[in-house]
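Q: The structure follows.
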Amino acid sequence: MPRPLYRPSRYQWIWLAAAGGGALAYALYMRYSVLQVSSVSIACESGDPSWTCMARKALIAVFTPMAFGGAALVAAVLNMIHPSIVLSTLVMVAGGLGIVLYNTALSALAFALFILSLARPAPEAE
C-alpha cells in the first residue's frame, strides 16, 4: 500500500501563511520605506547611527551575496528529501524575503521545489 502524500495540517498551513505573510510585509516595508528612499540612503551614508540604518546595512550585506535565495533553495531541497514543517517555514520566510529583496531567481526556484515537495510521500514514522 503506497504511503500517503505529505500534507501539512490546517494549523501548520495557518502558521506557514502567517510566517510567509510576515516575511513579505517586513521585506516590502524595508524595500519601499528604507532601501529605495534616497533621503534615508543619504542619511545612512553620512553616518546616521539609527536602527533604520543598521537594518539597512544588514539587509544589503545579506541580499548582495544572494543569501535569502540560497537559504530558501537549500531548505527546499532538504524539504524534498525529508518534508517537515520547520523546513517549510524556512522556505516560506527566506523565499518571501528573497522574492522582494532582489533574490528573485533562487527564491522562485525554492518555491517551485516547495510545491513539488507536497507531492512527496509523507516520512515514515520512526
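Q: If we scan the range 58-65, do we find a residue that is open to solvent by less than 20 Å² (accessible area, probe 1.4 Å) and small (G, A, S)?
A: The answer is no, given that none of the residues of the range 58-65 is open to solvent by less than 20 Å² (accessible area, probe 1.4 Å) and small (G, A, S).
Q: Still on this structure, I have one more. Can you tell me how many residues within the range 83-108 are in contact (Cβ under 8 Å) with a residue 40 or more places away in the chain, over 15 Å from L24 (Cβ atoms) and open to solvent by 40 Å² or more (accessible area, probe 1.4 Å)?
A: 2
Q: Count, please, the residues in the range 2-27 that happen to be closer than 23 Å to S107 by Cβ and either of a type in the set (A, V, I, L, M) or assigned to a helix (DSSP H, G or I) (or both).
A: So the count comes out to 16.
Q: Can you give me the ranges of the helices (runs of 4 or more DSSP H) entirely in the range 42-103 with at least 2 residues that are modelled with pLDDT under 95, of a type in the set (V, I, T) and farther than 25 Å from L118 by Cα?
A: Filter on the range 42-103 gives 51-63.
Q: Of the conditions (1) surrounded by 13 or more Cβ atoms within 10 Å (Cβ to Cβ); (2) more than 30 Å from R3 (Cβ to Cβ), S33 satisfies every one except a single condition; which number is it?
A: (1)
Q: If a residue has to be within 14 Å of P8 (Cα to Cα) and not hydrophobic (A, V, I, L, M, F, W, C) to count, how many in the range 96-126 make the cut?
A: 4
Q: A119 fails exactly one of the following numbered conditions: (1) outside any helix (DSSP H, G or I); (2) without any contact (Cβ under 8 Å) to a residue 40 or more places away in the chain. What is the number of that condition?
A: (2)
Q: Here is a further query. Which one of the conditions (1) modelled with pLDDT under 95; (2) open to solvent by 20 Å² or more (accessible area, probe 1.4 Å); (3) farther than 30 Å from E124 by Cβ does S9 fail to meet, given that it meets all the rest?
A: (3)
The values are calculated or read from the model by the stated rules, or taken from the named source; none is laboratory data. Keep in mind the model is a prediction, meaning the values are calculated, not measured. Quick reminder, even Gly has a Cβ in these numbers, built from the backbone with ideal geometry, and neighbours come from all protein chains shown. Calculation scope for accessible area: heavy atoms of the full protein, side chains included, ligands and nucleic acids excluded. Shrake-Rupley method; radii C 1.70, N 1.55, O 1.52, S 1.80 Å.
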